[in-house]
Amino acid sequence: MKNFKTIFTILLLAVTAISCSGDDGADGVDGAQGAQGAAGTANVIYSAWMTAPTAAAETIDGTSGLSTTLNAPELSTDILAKGTILVYMSFGGGMYTLPYTSTAGGSANTITAITSLQKIKLFRFKHANDGTTVALPTTLNWRYILIPGGAAAATAKTAKIDYSKMSYEEVCQHFNIQP
């Protein structure tokens, strides 16, 4: 009886080992390669170059400056929450990413973008915060680029792309945007 139990145990282990092997069936056939899609901008939204309305004096968080607002009808709550918003200024033949710091008017000052639903506020303030302001001329040109969250943004984050550190030209090339 002892030999029967030993033989039964060996057979049971052999059947278990065979049924658990990874070679259960034929591999599938690879499908044909799909056609190349058209070059696009991965759902990126961008404005034309535009001028902004005349700036007015405003105080934000105790800092005096000048502000004006660009309409950005595509700037949604989803983009605000999950996307990337880039704002550029053009003057003197160059394109500059906001925030932009300079010594215009003889004082250190910054132009920054404050985003909200369908609006981008441009705010220029002096670092000295002495109650005086530096002009925010209507002759400056502005453009925004909105990069929605989702698969394209997740891929970009995985690749550790920081669009704010890219030049305007690099962002345009990356997303196939006409400068």
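The values are calculated or read from the model by the stated rules, or taken from the named source; none is laboratory data. Bear in mind the structure is a predicted one, so any value in this text is a computation, not a measurement. Here the Cβ positions follow ideal geometry from the backbone for every residue, glycine too, while neighbour counts run over all protein chains shown.
Scanning segment 138-166 for residues that are in a loop (DSSP other than H, G, I, E, B) and at pLDDT 90 or above, we see that the one that is farthest from Thr110 (Cα to Cα) is Pro148. Would you check which residues across segment 72-98 are in contact with a Phe, Trp or Tyr (Cβ under 8 Å, 6 or more places away or on another chain), free of Cβ contacts under 8 Å to residues at least 60 places away in the same chain and of a type in the set (Ser, Thr, Tyr) and list them? Matches in segment 72-98: Ser90 only. Would a scan of segment 71-94 turn up a residue that is in contact with a helix residue (DSSP H, G or I) (Cβ under 6 Å, 6 or more places away or on another chain) and either closer than 20 Å to Ala55 by Cβ or of a type outside the set (A, V, I, L, M) (or both)? Yes, segment 71-94 has at least one match.
Candidates Gly62, Gly83: the one that is in contact with a Gly (Cβ under 6 Å, 6 or more places away or on another chain) and not acidic (Asp, Glu) is Gly83.
A single entry from Thr69, Thr101 fulfils the requirement of being in contact with a His (Cβ under 9 Å, 6 or more places away or on another chain), more than 14 Å from Ile45 (Cα to Cα) and either without any contact (Cβ under 8 Å) to a residue 12 or more places away in the chain or outside any loop (DSSP other than H, G, I, E, B) (or both): Thr101.
Which members of segment 81-103 meet the condition of being more than 22 Å from Ala128 (Cβ to Cβ) and surrounded by fewer than 17 Cβ atoms within 10 Å (Cβ to Cβ)?
Ala81, Lys82, Ser90, Phe91, Gly92, Gly93, Gly94
Restricting Ala48, Ala42 to residues that are under 19 Å from the mean Cα position of the chain (by Cα), closer than 20 Å to Tyr163 by Cα, at pLDDT below 95 and in a loop (DSSP other than H, G, I, E, B) narrows the list to Ala42. The set of residues in segment 58-77 being at pLDDT 95 or above and exposed (fewer than 15 other Cβ atoms within 10 Å of the Cβ) consists of Asn71, Pro73, Glu74, Thr77. Of the residues making up segment 102-117, those that are under 18 Å from Ala57 (Cβ atoms) and touching a Ser or Thr at 6+ places or on another chain (Cβ under 7 Å) number 2. Kindly provide the set of residues from segment 106-137 that are part of a loop (DSSP other than H, G, I, E, B), in contact with a strand residue (DSSP E or B) (Cβ under 9 Å, 6 or more places away or on another chain) and within 28 Å of Phe175 (Cβ to Cβ), ordered by number. Matches in segment 106-137: Gln118, Leu136.
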